[in-house]
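The values are calculated or read from the model by the stated rules, or taken from the named source; none is laboratory data. Please read all numbers here as calculations on a predicted model, not as lab measurements. All Cβ positions, even for glycine, are placed from backbone atoms using ideal geometry, and neighbour counts span all protein chains on display. Areas reflect the complete protein model, heavy atoms only, side chains present, ligands, DNA and RNA absent. Shrake-Rupley method; radii C 1.70, N 1.55, O 1.52, S 1.80 Å.
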Amino acid sequence: MDNVQVSTIGFTKSSAEDFFDRLQKAGVRTIVDVRLHNTSQLAGFAKAADLAFFLKRIGGIDYAHQPLFAPTEAIMRAYKTDKGDWKTFSRDFLDLMAERKIEQQVKPEALQGACLLCAEDKPHRCHRTLVCEYLNDRWGGRLSVEHL
């Protein structure tokens, strides 16, 4: 089986120019938005309808919203609003993905050339990294992940 090339990216603390340049340089074909709510005001270019337009116009990149890869409102609130710890967040989100059986609902090939998008600028404390790690574990290490 071939490896699946997938990347991740966050848009906060990034200019539109830098964000779209990183995607183009990496050869991203599809953005998979893993935010629960994709109408964020954190970056003007990252609202769902606008983002889909910019991606297609600037880089010929497709857009898909995938809330299956997002934590629940309660899990996010416990971590962000209530200042929970990363270990608890990670455990709760990994349990949620297992309950949802996300590895059975998406085929590895569907992520070829895809880039998981979230708001967090750094991947090490973002659920997009947990998604990649979880899927890689379930799919026998088929994902080759690059954090842009």
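Under a point-charge model restricted to the Cβ atoms of Lys and Arg (+1) and Asp and Glu (-1), what is the dipole moment magnitude of the chain relative to its Cα centre, in debye to the nearest 20? Before the final figure, lay out the partial values.
On the way: 21 positive and 20 negative charges, 25 e Å.
For this selection, approximately 120 debye.
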- Note on the structure: A correct Stokes-Einstein calculation for the chain, using the alpha-carbon Kirkwood radius, 25 °C and 0.890 mPa s, returns a whole-number D in µm² s⁻¹ of 158 µm²/s
- Item | Of LYS56/LYS80; LYS13/LYS80; LYS87/LYS122; LYS25/LYS80, those spanning more than 20 Å from alpha-carbon to alpha-carbon | LYS56/LYS80; LYS25/LYS80
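So what's the net charge close to ASN136: Lys and Arg +1, Asp and Glu -1, counting the other residues with Cβ under 12 Å from its Cβ? Please list the in-between numbers first.
Values: positive: ARG138, ARG142; negative: GLU103, GLU133, ASP137.
Around ASN136, the charge tally is -1.
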- Query: In deg cm²/dmol, rounded to 500, what helix-only [θ] at 222 nm does the chain give when every DSSP H run of at least 4 residues adds -39500 (n - 2.57) and the total is split over its residues?
  - Reply: -10000 deg cm²/dmol
- Computed Rg/Rh for segment 32-107 (Cα atoms; Rh = Kirkwood radius) stands at 1.04
- Considering only DSSP states other than H, G, I, E and B, which trypsin sites (Lys or Arg not before Pro) in segment 9-101 qualify as loop sites with at most 11 other Cβ atoms within 10 Å? LYS83, LYS101
- Roll a 1.4 Å probe over the protein heavy atoms and report the accessible area of THR72 in Å², nearest 10. 50 Å²
- Message: How big is segment 73-127 along each principal axis, measuring the range of its Cα positions in Å and listing the largest first?
- Response: 37, 27, 17
